[in-house]
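Read-outs: derived from the displayed coordinates by stated rules, not from any lab. Every value quoted in this text rests on a predicted model; they were computed, and no experiment measured them. All Cβ positions, glycine included, derive from the backbone under ideal geometry; neighbour counts span all protein chains shown.
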Amino acid sequence: MAQTVPHNYSETGLNLGFDIELRKVFKVFNGEAAVRGVDLNIRRGEFFSILGPSGCGKTTTLRLIAGFELPTAGDILLRGQSMVDVPPYRRPVNTVFQSYALFNHLTVEENIAFGLRLKKMGRGDIQNQVREALRLVKMEEWAKRLPAQLSGGQQQRVALARALVNRPTVLLLDEPLGALDLKLRKAMQMELKTLHRELGLTFVMVTHDQEEALSLSDRIAVMNRGRVEQMGSPSQIYDRPHTRFVAEFIGDTNLITGKIEGAHPTMLWITSAEGRQFKVIPVDTGNKPLTSGAVVISVRPEKIHLQYEPPADGLNYVEGYLKNLLYLGTHVNCQLQLTSGETLVVQLPHGFEIPPPDTRLYAVWRPEDSLALPNDS
Amino acid sequence: MAALPESQPIDRPKHFVWQMWFSVLMFGFMYLPIFVLGFYSFNDAPNSATWAGFTLRWYSKFFQDDRILNALFDSLKVAFSAVAISAVLGTLMAVGLARYRFPGKRLYQNVTYLPLIIPDIAIAVSTLVFLAAVSIPLSLGTIVAAHVVFCLAYVALIVSTRIGNLNPYLEEAALDLGANPFQAFILVLLPELAPAIISGCLLAFVLSMDDFLIASFTAGGGTNTLPMEIFSRLRTQVKPDMNALSVVLMVASGVVAIVSETIRYRGEQKRIRH
């Protein structure tokens, strides 16, 4: 079932057209807006994730694409065709449900054949395609079992096969790995990525797990309170968050609140609440550049260096004492108690000797390693 | 008896404790009369409490009694019709209540289950008064109608419970795979609900077969259900062939009830791991 649609992983590469477009989509439930003016363009063949905390409207957005919900306003296009009046059973999309929603009265085989039978496909063709789908998810030997006789991970595979066998234009995945334990989840992430590469289908996945979104996706839309806060590649989202929410939600970060004292297109001078001066190189977010007002500086733990002496001019630094060590396997994070009363998380470089508790430490970072974001929350 | 403090470990002695004796007493109180009845159904004495030897003649006697067989036939007709109607209506009602929102839904839901609480005599009298008021002549059909009232409640209750435990996304999964709403209902929802529907029907069947009160109020001339026939014979005297018939009825009801519970339990087990 491999298709040979060429697809595009690069951020700036040739645009092959959109599989799904959401235009100013709103969804109101009982007077409460779950989705407020979402615009999305999902490219053909890409692995697209909708990421956000629970209640941000991400699942509703997916259900709007699948057709289980109708938008209150706005338009949803699939390969340029408006889908708003098309019921779910005529849309060329298939869904992998969070709870799998396997049919308990049917065997694994019959579950997978369900969609093909409805299409009135011939018996032999159905058999071949079901076998192929079972092979794809490595479930051949379980064909005759009932869903209740399978483990969670196996049910997940059946749900995937049941959707994929219909060769949808777009595969929708609603928190597909949410119910699996950590180890199985990691293994399934790899398999999802492999499946996506082999099939060349457009995958749209909803998840609240930022690590999962970062590792699997070509592009990510971060949603909050019914809106898309930012859309971009994993590195854009991680390295260049546009809002305080995105900076906090994706990865670990330190936030320092302050006020802009001086602005230049290449440099911002910011004074923190405690009166300390910081320099930040502004980045183009597509929004209006920051020139004044309350901001929050975001510095990732791995961008900060620790040293025993104050740094040379031109670098940002704060001073404090070691408070806690957090051993994370691949690296060690430490929490600094700053003289200003706040705490700062710093990733210790490899081989860094653990300082004695009462040694004064300087946490240093370059202006280009931090971001200034509007302090909107 | 004072409640034990919760932290104290419960260390029961192995021999009989008072709870055990209490249970034995309760079960004895409930089931001893039935055993006595069963015992006398094998008694060769025509109408006395003295034991005159083992016989099966009371069993063979009622099987040759035309009036009893006719009454049994009437009862079966009523039970099958009432259950068939209730199965369809009850299932649709349960699905409708679970899947759709409409004004007055809560009220509707509570009214549905009302026949489970209302005393049979109240249903019987009010049905009779109603039928008289709209001048519908009493017949076998009126018993069926009255039985549908409570059969429907049982079927709807059991099917509703099952729907409540069902994965709410099953129908959406069917739609997603290309089934229209009707196909989703027939191909997915109905098979998933089948154990509950069957179990509800069997329970309703037993209740309809056993009902005396409602049937006796709503039966027309010439119709006579089995419980009515038994009652009319008992009014004069207790005959051993009625003992035998009661034993047969109880065993049959018991078997149906056990089958019904087994089906429901199996269905739940199948579903329990998603």
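Rg to Rh for chain A: what is it, with Cα atoms only and Rh by Kirkwood? If you can, show how the numbers build up before the last one.
Values: Rg = 24.4 Å, Rh = 23.2 Å.
My calculation puts Rg/Rh at 1.05.
Give me Rg over Rh for the stretch A:29-161, both radii from the alpha carbons and Rh done the Kirkwood way, two decimal places. It would help to have the intermediate numbers written out before the result.
Numbers: Rg = 17.2 Å, Rh = 17.0 Å.
Value, to two decimals: 1.01.
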Below 26 Å, Cα to Cα, which lysines can A:LYS144 reach? Residues fewer than 8 away in the same chain don't count.
A:LYS119, A:LYS120, B:LYS270
Could you tell me the relative contact order of chain A? Use alpha-carbon pairs under 8 Å, at least six residues apart, and round to a whole percent.
15 percent
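Summarise the partner chain shielding of A:222-230 as one whole number: the mean count of Cβ atoms from other chains within 10 Å of each residue's Cβ.
Numbers: counts 0, 0, 0, 0, 0, 0, 0, 0, 0.
Averaged over the peptide's residues, the number is 0.
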Each residue of B:176-188 has, on average, a number of other protein chain C-beta atoms within 10 Å of its C-beta equal to 6
Can you give the helix-only mean residue ellipticity at 222 nm for chain A, where every DSSP H stretch with n ≥ 4 adds -39500 (n - 2.57) and the sum goes over all residues, rounded to the nearest 500 deg cm²/dmol?
-6500 deg cm²/dmol
From zero outward in steps of 10 Å, how is the percent of C-alpha pairs of the protein assembly as shown spread across the bins?
3, 12, 16, 16, 14, 13, 11, 7, 5, 3, 1, 0
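How much net charge surrounds B:ALA87 when only the other residues with a Cβ under 15 Å from the Cβ of B:ALA87 are counted, with Lys and Arg +1 and Asp and Glu -1?
Working: positive: B:ARG162, B:ARG264; negative: none.
Here the count lands on +2.
At a 10 angstrom cut-off on C-beta neighbours, averaged per residue, how do the peptides B:190-201, A:187-198 rank from highest to lowest? Could the numbers behind the result be given before it?
On the way: B:190-201: 21.5, A:187-198: 15.7.
In descending order of packing, they fall as B:190-201, A:187-198.
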Exposed loop trypsin sites (Lys or Arg not before Pro) only (DSSP loop, at most 11 other Cβ atoms within 10 Å): please give the longest stretch of chain B free of them, not including the sites.
B:102-234
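Which of the peptides A:356-363, A:309-316, A:225-232, A:154-161 is most tightly packed, and how do the rest follow, judged by the mean count of other Cβ atoms within 10 Å per residue? Don't skip to the answer; put the middle values down first.
On the way: A:356-363: 13.6, A:309-316: 11.9, A:225-232: 19.6, A:154-161: 23.6.
Descending packing order for the listed peptides: A:154-161, A:225-232, A:356-363, A:309-316.
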What Kirkwood Rh does the stretch B:65-273 have if only Cα atoms enter the pairwise 1/r average? Answer in Å.
18.7 Å
Cα-Cα over 31 Å: which of A:LYS58/A:LYS288; A:LYS27/A:LYS303; A:LYS27/A:LYS259; A:LYS27/B:LYS105?
A:LYS27/A:LYS303; A:LYS27/A:LYS259
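Pulled fully out, how much extra length does the chain show between B:SER232 and B:LEU114, if you take 0.36 nm times their separation in residues and subtract their Cα-Cα distance?
Roughly 39.5 nm would be gained on extension.
What's the ranking of A:22-32, A:110-120 by average number of surrounding C-beta atoms within 10 Å, highest first? Display every interim value, and only then the final one.
On the way: A:22-32: 14.1, A:110-120: 20.0.
Ranked by mean Cβ neighbours within 10 Å, highest first: A:110-120, A:22-32.
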Note, ³J(HN,Hα) from phi for the stretch A:311-326, Karplus 6.51, -1.76, 1.60, rounded to Hz, x at Gly and Pro:
x, 5, 4, x, 10, 8, 7, 9, 10, x, 10, 5, 10, 9, 10, 10
